Amino acid sequence: MRSHLFAFTLTAGVVAGSLHAAPRVEDSIGQRVQACTVCHGPQGRAASDGYYPRIAGKPAGYLYNQLRNFRDGRRHYALMANLLDPLSDEYLHEIANYFAALDLPYPPQPPTAPSAAERQRGQELVTRGDPQRKIPACVQCHGVALTGVQPAIPGLLGVPRDYINAQLGAWQNGNRQAKAPDCMATIAQRLRPEDIAAVSQWISAQPVPEHAKAATSLPGRLPMPCGGVLDGPGAQP
């Protein structure tokens, strides 16, 4: 009798449980991109280790290009490639637009202690370039304020020194690419190790303006044709 009662109670409980609807999960782009924030930090603010960059507030065209580069094999990181492999261009646009619209404050940059010579060299390369070696100034593409340019050039302020070093190194060895003509690969090949160190030290020491925004246009043309820029949504050759 007890065994029959137990079986009946258990069956009734299972049936009753199945009648309750499963908790609803919000179906929104904000919910779906939670997979991105596992690595890139809450709301895409960047991970604390400096390896996973900030994606909040980057120009939508830049984010879209990088998502597609990971998916299509021009940038190499298996976790990103596997995550993005089944996603359509339209969905990548949706992800890029979501993060681009976030306007969030930047955390203070950790202090750096470059030498006076390294600081001077970094500032020269960033603001004036090196014409003799055909190295354009960073501000020629990334904007005078270094906060990026719409629709597809990212800001450099607020980017950790180690991440800048890693990305310039990746362009030098071919682990990071853009569609041809790949201007950043060309520029990176002209940089010496001490140039990269000076640039990353100087940029990472600069404060980020409050509510930093990408400029809407550049005065004049880019110093060279750039596939990664021209491929951005809405960009014109």
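The values are calculated or read from the model by the stated rules, or taken from the named source; none is laboratory data. All values reported here derive from a predicted model rather than from experimental measurement. Here the Cβ is made from the backbone with ideal geometry for all residues, glycine too, and neighbour counts use every protein chain on show.
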Tabulated pairs, region 92-108, first crowded, with 17+ Cβ neighbours inside 10 Å, second of a type in the set (S, T, N, Q), C-beta under 9 angstrom, 6+ apart or interchain: ALA96/ASN65; ALA96/GLN66; PHE99/GLN43
Write out, first by first residue and then by second, each pair whose Cβ atoms fall under 8 Å of each other, whose residues are 6+ apart or on separate chains, and whose first residue, in region 53-68, is within 16 Å of HIS40 (Cα to Cα) and β-branched (Val, Ile, Thr) while the second is in a loop (DSSP other than H, G, I, E, B) and modelled with pLDDT under 95. ILE55/ALA46
Only one of (1) surrounded by 15 or more Cβ atoms within 10 Å (Cβ to Cβ); (2) under 25 Å from TYR106 (Cα atoms); (3) out of contact with any Pro (no Cβ under 9 Å at 6 or more places or on another chain) is not met by PRO209, so which one is it? (1)
Pull out all pairs, ordered by first then second residue, where Cβ-Cβ is under 6 Å, the residues are six or more apart or on different chains, the first lies in region 173-190 and is within 10 Å of MET224 (Cα to Cα), and the second is assigned to a loop (DSSP other than H, G, I, E, B). PRO181/PRO225; CYS183/MET224; CYS183/CYS226
Of all residues in region 173-206 being more than 26 Å from ALA113 (Cα to Cα) and of a type in the set (Gly, Ala, Ser), the one that is surrounded by the most Cβ atoms within 10 Å (Cβ to Cβ): ALA178
Given the structure, is LEU146 of a type in the set (A, V, I, L, M), at positive phi and either in contact with a strand residue (DSSP E or B) (Cβ under 9 Å, 6 or more places away or on another chain) or in contact (Cβ under 8 Å) with a residue 40 or more places away in the chain (or both)? yes
